[in-house]
1. Quick one: Cα centre-to-centre distance for the range 450-528 and the range 163-204, in angstrom?
2. With axes computed from alpha carbons, what is the tilt in degrees of helix 434-454 against the longest principal axis of the chain, rounded to the nearest 10 within 0 to 90?
3. Please report the spacing between the Cα centers of the range 41-86 and the range 372-410 in Å, no decimals.
4. For the chain, build the charge dipole from Cβ charges (+1 Lys, Arg; -1 Asp, Glu) around the Cα centre, then report which of 323, 87, 530 sits farthest towards its positive end.
5. Only four residue types carry charge here, +1 at the Cβ of Lys and Arg and -1 at the Cβ of Asp and Glu. Report the dipole size of the chain about the Cα centre in Debye, rounded to the nearest 20.
6. Below 8 Å between Cα atoms, with a sequence gap of 6+, how large is the relative contact order for the range 236-385 in percent?
7. Modelled label-to-label distance, residue 337 and residue 114, 7 Å Cα→beta-carbon offset: nm?
8. Taking the Cα centre of the range 266-411 as origin, work out the dipole magnitude from +1 charges on Lys and Arg Cβ and -1 charges on Asp and Glu Cβ, in debye rounded to 20.
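Every number here is computed from the coordinates shown, using simple stated rules; none is lab data. Since this is a predicted model, take the numbers as computed values, not measurements. Neighbour counts are summed over all protein chains in view; Cβ atoms, including those assigned to glycine, are modelled from backbone coordinates with ideal geometry.
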Amino acid sequence: MADEYDVVIVGAGFAGLYMLYRVRQLGLKAHVVERAGDVGGTWYWNRYVGARCDVESVDYSYSFSDELQQEWQWTERFPAQPEILRYIQHVADRFDLRRDISFNTEVRSAHFDDSRSRWVLTTEDSRTLIGRYCVMATGGLSTPARPDFAGLDTFGGDWYQTSLWPHEGVDFSGKRVGVIGTGSSGIQCIPEIAKQAAHLTVFQRTPNFTLPARNAPLEPDALAEFKRGYAEHRAAARKTKGGIKTRSAGGSALAVSAEQRKAAFDEHWARGGNGITSLFDDLMVDEGANQLVADYVRDQIKSIVKDPDVAALLSPTDHPLGAKRICLDTGYYDTYNRDNVELVNLRARPIASIDENGIVLSEGRVDLDVIVFATGFDALTGALLAMDIRGSRGTPLAEAWSSGPRTYLGLTVAGFPNMFTLAGAGTPAPLTNVVASIEQQVDWVSDCLAWMKEHGIARVEADGAAQDAWVEHVFAAAEKTLMMRASSWYLGANIPGKPRVFMPYVGGLDGFDAILQDVAHDGYRGLAMT
Ligand code: N01
């Protein structure tokens, strides 16, 4: 027998949990379906050694409950994965959310039944859930990508994927370890594995820009002082592009003297953390300005890494700084000064296969006991397209999105009535502090549901023309920046065969907020409501 709800939510990460909290407040009966064994989303799965958020803990947390943000005590400037997971578990318990969540339950299909105007979801264990509304809170980086390396099944050692890390952890001591991938995940785990392993070989295809996090404990007194101004801090953060207050000298990087520029970059490098591209207004739109900050980071690499050939290999030259997500690290470049660490340049010697004893390169081989794949995700569309989602008249989402994701405001899809997608393509979420984006989007969707209830409306669907205009706007906005100049997951470039479309909205959390508010005040312009 099917279970019937007002709202079925897929995913119990930051987005799904807050969505459940909000729709309960509207008096709607809701249920969350989650494939993991507990809440947490990305922080449930990505338990690799060194996993840490690149947004500061006081920002990477919910703002909807002042009691919650006042009482929860973060212990570090940049929270490590176990602490974030504890926080999300605390939120689930504090707001009694678990009673409306089915864990270990993977959604196979979601079909819109036109005759009843209901979403019918089926799960891997053959359950059926029916909802008037379906909210996809499935995460932008939740479908791991592991390229099909020939011969992996013959490997005699152990192998792991950062995004599917064993709960009991991995002991690398005394082992010869290889890490494939130097994105955020690789860059975070490499220094930690190097400390434990007998020998570490890093297999790098493309270097990434990474900045020192300068993580540090949060002193209780300083945290208490900060919390006195929490409301103002959150309000100011919401008025920024990234959902995080940044320091900006403003103006053009080209308009100040070399000394002033260096002073600004030095100060940022010493302080640590993200936001370097906000230091001047043109770093993400002017190639010459970007070159200056990229050169600065390349100089830092040269000064840290003792072997000049290794420093050169670690220095990105194929994309503007910030056109791929900038990584934050703890001791990444220093790691290459260790005697037990070696860097293999896969551009010169690609991986041919994996055999019983290790990795076979086009020239030579590396014998290994353990391989770690830090090879990324099928981002933003992966989780949605992995399910069989069909809208009105049975149209598959895979067909509607065959040339890339098409949404109205990133939150609705024409032909898929009463379905909302959160923190995905067509929204600024992937480029922002995602928790701030999640709150913004969940609030908007909840307000829309409340408005529908109040006006006796049963069905909402993006208008095709409004969707076309939004897709065009998202694309045109990206074109004005340097974001298109990198083969990034923002563009789907990391997944063979995926349509190359710039998926996030570069208009910023603040710009997007203005649009969302305007659309709502205009009676949800662009949404057909019946
Ligand atoms: O994945 P990635 P990630 N052979 O796609 C390489 C968030 N995140 O998991 O660039 C060899 O960035 C690939 O090489 P190339 C954050 O938003 C946040 O690291 O394609 N190598 C690349 O080096 C981040 O941006 C945090 O040439 C192959 C790497 O694998 C996003 O998640 C922490 C290969 C993949 O890098 C994704 O980061 C972690 C192949 N066949 C993640 N295929 C924090 O909050 C792929 N690669 C700090």
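1. Going from one Cα centre to the other spans 37 Å.
2. Roughly 10 degrees, rounded to the nearest 10.
3. If we compute the Cα centre of each part, the gap is 28 Å.
4. 530
5. Dipole of the chain, to the nearest 20 debye: 380 debye.
6. Working: 122 pairs, mean separation 20.8, N = 150.
Taking the mean separation of contacting Cα pairs over the length of the range 236-385, I get 14 percent.
7. 6.7
8. On the way: 13 positive and 23 negative charges, 123 e Å.
Charge dipole, the range 266-411, about its Cα centre: 580 debye, nearest 20.
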